[in-house]
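Enquirer: Here it is: the structure, laid out below.
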Amino acid sequence: MKLKHTPIVLSFVFSLSLQAATPDVYAPLPFPLGTVTGHADYHVHQFAHLGYDGRLLWGSADGAEATALKSCNGTNHAVSWIPGLITGLAVSPELGMHNFGTHGQNGGYKDWPLWSTVTHQQVWEGWLKKAHQDGLNLIVMSAVNFRYICGIMPRGNGFYDTSGGTKPCDDMKNVKRQLEAARAFAAKNSSWYEIALTPAHARRIIQEGKLAVVLAIEASEIFNNVNTEADLDRELDTYQALGVRSIQPVHELNNKFGGTAYFQKMFDLVQAFVNVKSFVTAGLDGSVDELKSAFDGIKVDSNKNNIQGLTPLGKALIQKLIDRKMIVDVAHLSTKSMNDTYAISSANRYYPLLMSHTHFRQMFRGKLIDEKKIPVEGVKLVKKTGGVIGLRTGNEKQNTYGRGSVANNCHGSSRSFAQSYMLGAIGYGIPLGFASDFNGFIDQMRPRFYDSNAKYGGSAEKWACGEDTNGEEREVARAAQGNRASAGTGSEFDLIGYAHIGYTKNIMQDLNRMGVDTVVVANSAEAFLKMWDRAYDPNRAAKSDTVDSSGVIVTSADDEKCPSLRAKLGTLNNKVVCKALPHFSIKDKNCDGSRWNGFCVWNEGSWYRAREIR
């Protein structure tokens, strides 16, 4: 006999067996059938303030507003004892991006929350509950850490945790702390927040009007004490018992499981440090050539793709996740690691793959193209397994999707997001959810409007429609957005962008006002559970991987950014014009270059260097 809803039935039975085997039991599940409603965020770091040994992120995810979101003092978090390592400036060791000013509820929220806030809480319980009331019905709560960022911040700004004989900033200790916080939060807020153990369980949670929470792990040194498959089973048992159901084998660095997607020089340098440290720890047992190779960091091919794929232990990890009906998250995998994972998936009747957070590589050009952004070929692999993709809500300029109906005239805003969303929904035809990456040390979607009478600081004039455009271009872009009263959402989202999770609904409102059909992302909770259902389906088979990648209009070269620290003044001959450093004016008679808008400019190849003529 074949049941109509075989994957859901198996999911239900599996969840009951887990309850029987786990001391922390969940109430027996009523038999859940039928689809769920609502949208989802496939990648959010709700409790990241407890990661990085408490040194990076300011503000708590739970508690009263006045306490959880009290003001920082500008130096008690997100500062480095290594000046300039992150900022590139010898005079400032700050990572918090707030010029040592105070941020928070006590200061009237002048500078936080904000779209560009990367080290201040964005998933406080009041904002999350509002998002849920507005239709957010599922989140993937990822416990995160990167110990090499933690290690450059002073211990006094967090906790010096060496429990269990571990070193400070240990990835898995920080991960476990966040998972335990999520479980405690679920117990405290059981009327609206519940951790989901299976897709059937998640359906029941959502049908009861609660937020379904899938626990996940994202760390470069994940399972750092594992050396054998037996060790791996032990760790998976431990974290599965804690409620973890989604694993990302690789994060910012190559690890014992596989290669990372190469995208930033900073991580290349950290990788070199890790390689050399391992070489030394091993007692310098290797050749001179091996030591030189260690200094290379992440080794890439001619396309700047990491040459490292899954290791034997990494392949074992993927297979064990499949055997346990857990979610395989392929975010941050190198192209080779991705292909290795897909091979294992296809050998297991196309076990579903989750790409929890990414951009579509096709929507970018030039320096903004990197291995971490999923190419068309990667989309086809995920689609063939019945997987889903979480689309990042960042502030990047993007190419135009010509088959859509949205003018791409406000870079970094919801208009940019709309281009990628329409490509994914219309062209690729793949299920999409939000991937905010909140509390992930990354910028969010910019606003589209500016109000000179608002409470925000003077820099607010540059927020809307791209800070790296000149004043005249910003004025034109902002004017094209129309009147906020009639063309905006009516919320603070219009002025401060995607500043916290409570504004998720406003993104969809903004997209709808532009004429975008948001049905795909509006039903992203069900799409995620259909993907997870496939893990329990013994009869699953390959899905269609047909995509239509046509219609993308590549932006012109004048969208290229200036070299680091140089302000963009405009464009000339399809190249950016950038201020010279150090910048000082010169007399007209001393200008031995071209003259442009009151500046003397020199052709530097891909850009123009400019000094003001006095």
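The values are calculated or read from the model by the stated rules, or taken from the named source; none is laboratory data. Quick caveat, the model's predicted, so the values are computed rather than measured. Reconstructed Cβ throughout: ideal geometry from the backbone, glycine too, with neighbour counts over all protein chains shown. Heads up: the accessible areas ignore ligands, DNA and RNA and are worked out on the full protein's heavy atoms, side chains in. Shrake-Rupley method; radii C 1.70, N 1.55, O 1.52, S 1.80 Å.
Enquirer: In region 592-609, what residues are hydroxyl-bearing (Ser, Thr, Tyr), open to solvent by 30 Å² or more (accessible area, probe 1.4 Å) and either at positive phi or part of a strand (DSSP E or B) (or both)?
Expert: Ser594
Enquirer: Ok, one more. Which ones in region 175-214 are closer than 23 Å to Ala435 by Cβ and of a type in the set (Gly, Ala, Ser)? First the steps, then the outcome.
Expert: In the first step, residues of region 175-214 are kept if they are closer than 23 Å to Ala435 by Cβ; the result is 175, 178-179, 181-182, 185-186, 192-199, 201-203, 205-206, 210-214.
If the condition is that a residue be closer than 23 Å to Ala435 by Cβ and of a type in the set (Gly, Ala, Ser), then Ala181, Ala182, Ala186, Ala196, Ala202, Ala212 are the ones that fit.
Enquirer: So, of the residues in region 576-586 that are assigned to a loop (DSSP other than H, G, I, E, B) and in contact with a strand residue (DSSP E or B) (Cβ under 6 Å, 6 or more places away or on another chain), which turns out to be farthest from Pro563 (Cα to Cα)? Break it down into steps so the answer makes sense when it comes.
Expert: Narrowing region 576-586 to residues assigned to a loop (DSSP other than H, G, I, E, B): 580-585.
If we keep only those that are in contact with a strand residue (DSSP E or B) (Cβ under 6 Å, 6 or more places away or on another chain) too, we end up with 580, 585.
Numbers: Ala580: 10, Ser585: 20 Å.
Only one residue fits best here, namely Ser585.
Enquirer: Could you tell me how many of the residues in region 517-535 are open to solvent by 10 Å² or more (accessible area, probe 1.4 Å) and not charged (D, E, K, R)?
Expert: Residues of region 517-535 that are open to solvent by 10 Å² or more (accessible area, probe 1.4 Å), as a first pass: 517-520, 522-523, 526-527, 530, 533-534.
Checking the rest, the ones that are also not charged (D, E, K, R) come to 518-520, 522-523, 527.
The number of residues fulfilling the criteria is 6.
Enquirer: Does region 591-603 contain any residue that is charged (D, E, K, R) and either modelled with pLDDT under 85 or closer than 30 Å to Thr198 by Cα (or both)? Even if it seems obvious, please write down each step before you answer.
Expert: Within region 591-603, the first condition is being charged (D, E, K, R), and the residues that meet it are 592, 595.
Now restrict to residues that are either modelled with pLDDT under 85 or closer than 30 Å to Thr198 by Cα (or both): none.
For region 591-603, residues charged (D, E, K, R) and either modelled with pLDDT under 85 or closer than 30 Å to Thr198 by Cα (or both): absent.
Enquirer: What about Leu253, is it modelled with pLDDT under 95, hydrophobic (A, V, I, L, M, F, W, C) and either within 25 Å of the chain's Cα centre (by Cα) or surrounded by fewer than 21 Cβ atoms within 10 Å (Cβ to Cβ) (or both)? Quick ask: steps written out before the conclusion?
Expert: On the way: modelled with pLDDT under 95: yes; hydrophobic (A, V, I, L, M, F, W, C): yes; either within 25 Å of the chain's Cα centre (by Cα) or surrounded by fewer than 21 Cβ atoms within 10 Å (Cβ to Cβ) (or both): yes.
Spelling it out, Leu253 is indeed modelled with pLDDT under 95, hydrophobic (A, V, I, L, M, F, W, C) and either within 25 Å of the chain's Cα centre (by Cα) or surrounded by fewer than 21 Cβ atoms within 10 Å (Cβ to Cβ) (or both).
Enquirer: Any idea which of Lys589, Lys561 is open to solvent by 40 Å² or more (accessible area, probe 1.4 Å) and not in a loop (DSSP other than H, G, I, E, B)? Lay out the reasoning, then the answer.
Expert: On the way: Lys561 fails: not in a loop (DSSP other than H, G, I, E, B).
Exactly one of Lys589, Lys561 is open to solvent by 40 Å² or more (accessible area, probe 1.4 Å) and not in a loop (DSSP other than H, G, I, E, B), namely Lys589.
Enquirer: Sticking with this one: Considering only region 33-62, how many residues are at pLDDT 95 or above and either aliphatic (A, V, I, L, M) or assigned to a loop (DSSP other than H, G, I, E, B) (or both)?
Expert: 14
Enquirer: Testing Gln178 on (1) open to solvent by less than 20 Å² (accessible area, probe 1.4 Å); (2) in contact with a Lys or Arg (Cβ under 8 Å, 6 or more places away or on another chain); (3) in contact (Cβ under 8 Å) with a residue 60 or more places away in the chain, one condition comes back false. Which one is that?
Expert: Answer for Gln178: the failing condition is (2).
Enquirer: I would also like to ask the following. Scan the helices (runs of 4 or more DSSP H) fully inside region 492-536 and keep the ones with 3 or more residues being under 21 Å from Val36 (Cα atoms). Don't jump to the end; show me each part of the working.
Expert: Working: elements: 493-496, 504-513, 519-522, 524-533.
Filter on region 492-536 gives 504-513, 519-522, 524-533.
Enquirer: Exactly one of these conditions fails for Arg474: (1) open to solvent by less than 50 Å² (accessible area, probe 1.4 Å); (2) in contact (Cβ under 8 Å) with a residue 24 or more places away in the chain. Give me its number.
Expert: (2)
Enquirer: Ok, one more. Run Gly394 past the list (1) at pLDDT 95 or above; (2) within 20 Å of Val330 (Cβ to Cβ); (3) under 17 Å from the mean Cα position of the chain (by Cα) and report the number of the one that doesn't hold.
Expert: Checking Gly394 against (1) at pLDDT 95 or above; (2) within 20 Å of Val330 (Cβ to Cβ); (3) under 17 Å from the mean Cα position of the chain (by Cα), the one that fails is (1).
Enquirer: Please identify the pairs in which a residue from region 154-172 that is over 26 Å from Pro249 (Cβ atoms) has its Cβ atom under 7 Å from the Cβ atom of a residue that is open to solvent by 60 Å² or more (accessible area, probe 1.4 Å) and modelled with pLDDT under 90, counting only partners at least 6 apart or on another chain.
Expert: That search, which allows pairs on different chains as well, returns Pro154/Trp81.
Enquirer: Follow-up. Run down Gly156, Gly96 and say which single residue is at pLDDT below 95 and over 21 Å from the mean Cα position of the chain (by Cα).
Expert: Numbers: Gly96 fails: over 21 Å from the mean Cα position of the chain (by Cα).
Testing whether each residue is at pLDDT below 95 and over 21 Å from the mean Cα position of the chain (by Cα) leaves just Gly156.
Enquirer: Related question: Would you pick out the residues in region 309-329 that are open to solvent by less than 10 Å² (accessible area, probe 1.4 Å) and in contact with a Gly (Cβ under 8 Å, 6 or more places away or on another chain)?
Expert: Once the filter is applied, which keeps residues that are open to solvent by less than 10 Å² (accessible area, probe 1.4 Å) and in contact with a Gly (Cβ under 8 Å, 6 or more places away or on another chain), region 309-329 yields Gly309, Gly314.
Enquirer: Would you tally the residues in region 375-417 being closer than 30 Å to Asn348 by Cα and either in a loop (DSSP other than H, G, I, E, B) or of a type in the set (Lys, Arg) (or both)? Before the answer, list the steps.
Expert: We begin by selecting, within region 375-417, every residue closer than 30 Å to Asn348 by Cα; these are 375-392.
From the residues that got through so far, the ones that are either in a loop (DSSP other than H, G, I, E, B) or of a type in the set (Lys, Arg) (or both) too are 375, 380, 383-387, 392.
The qualifying residues number 8.
Enquirer: Any idea how many residues of region 351-371 are touching a residue at least 40 places away in the same chain (Cβ under 8 Å), surrounded by fewer than 20 Cβ atoms within 10 Å (Cβ to Cβ) and touching a helix residue (DSSP H, G or I) at 6+ places or on another chain (Cβ under 9 Å)? Step through it out loud before you land on a result.
Expert: Start the filter on region 351-371 by keeping residues that are touching a residue at least 40 places away in the same chain (Cβ under 8 Å), which leaves 351-352, 354, 356-360, 362-363, 365-367, 370-371.
Filter once more, so that each one left must be surrounded by fewer than 20 Cβ atoms within 10 Å (Cβ to Cβ): 365-367, 370.
Subsequent filtering for residues that are touching a helix residue (DSSP H, G or I) at 6+ places or on another chain (Cβ under 9 Å) retains 365-366, 370.
Matching residues across region 351-371 total 3.
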